[in-house]
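A.B. asks: Mind looking over this structure? Questions follow.
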Amino acid sequence: MHLLSTHREQLARHPLLAHLSDEMRTAMLTEAWCREYPAQAQILRQGDPAERFFLVLTGKVKLYRISADGKEKVVEIIQSGQSFAEAVMFLQKPVYPVCAETLEAVLLVGFSNRLMLQALETNPSTCLHLLGHMSIRLHQRLDELENLTLQNATQRLALYLIGQVRDRQGDDVELDLVLPKGLIAARLSIKPETLSRAMATLRDQGLIESRSRHIRIPSISRLLDTFTLSA
């Protein structure tokens, strides 16, 4: 599937490409491919040679690892407008460390690692920008690791819900869970039944109200204070 002109314009403005020279940006877009995937489609497998990094135009992608005992561990959910696998190009042996699978219909763009490395060699400002981008991602992963190791299941769920809030202008907020509860449980490294108990605990304490995937948090500050004091 060829990149449509509307997508080319959108991609040219993306932070990963916006700092490139016009010539290099054109080369990146010319070499890029754009593909549609149905839900539950495998994009790449752990250990595959890494020749490209990716940008999700529409849909959601699940990144996960398979442990030695065959269990699946969800690493990250990539949303529309987000990229993934860009750090792999710097590995001495570039192979994908995770599997990638679509959660719903996805429109995906794949960019050449080879061309991006060439661009970084000739453009220090682009290199610094990409390092900043990856540094933010690293800090996000470290924060998640801290939450998984230091917080109990109810605290993990509370922090996850707060993290899903997009508009924090008020203390009373509402949100709709975009992921199935089973996938949220996997993301938090807890069992689905543990997630259900954690949800019930928050409801019983009056910290949330829930109806199916719709969640109301009467007071974000109270929810934060409760788990800061109990940590």
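A.B. asks: Does ILE184 count as under 24 Å from the mean Cα position of the chain (by Cα) and farther than 26 Å from ILE66 by Cβ?
C.D. replies: no
A.B. asks: Where residues in the range 181-210 are of a type in the set (D, E, K, R) and closer than 26 Å to LYS62 by Cβ, which of them is least open to solvent (accessible area, probe 1.4 Å)?
C.D. replies: ARG187
A.B. asks: Take the conditions at pLDDT 85 or above, touching an Asp or Glu at 6+ places or on another chain (Cβ under 6 Å) and not aromatic (Phe, Trp, Tyr) and apply them to ARG203. Does it pass?
C.D. replies: So ARG203 fails the test.
A.B. asks: Right, here's the next one. Looking only at the range 166-180, filter to residues that are without any contact (Cβ under 8 Å) to a residue 60 or more places away in the chain and surrounded by 14 or more Cβ atoms within 10 Å (Cβ to Cβ); which one of those is farthest from ALA153 (Cα to Cα)?
C.D. replies: My answer is VAL173.
A.B. asks: While we're looking at this one, here's another question. Tally up the residues in the range 111-132 that are farther than 17 Å from ALA32 by Cβ and of a type in the set (Ser, Thr, Tyr), please.
C.D. replies: Total satisfying the criteria: 2.
The values are calculated or read from the model by the stated rules, or taken from the named source; none is laboratory data. Everything numeric in this text was worked out from a predicted model, so none of it was measured. Using ideal geometry, Cβ is built from the backbone for each residue, glycine included, and neighbour counts are taken over all protein chains shown. Calculation scope for accessible area: heavy atoms of the full protein, side chains included, ligands and nucleic acids excluded. Shrake-Rupley method; radii C 1.70, N 1.55, O 1.52, S 1.80 Å.
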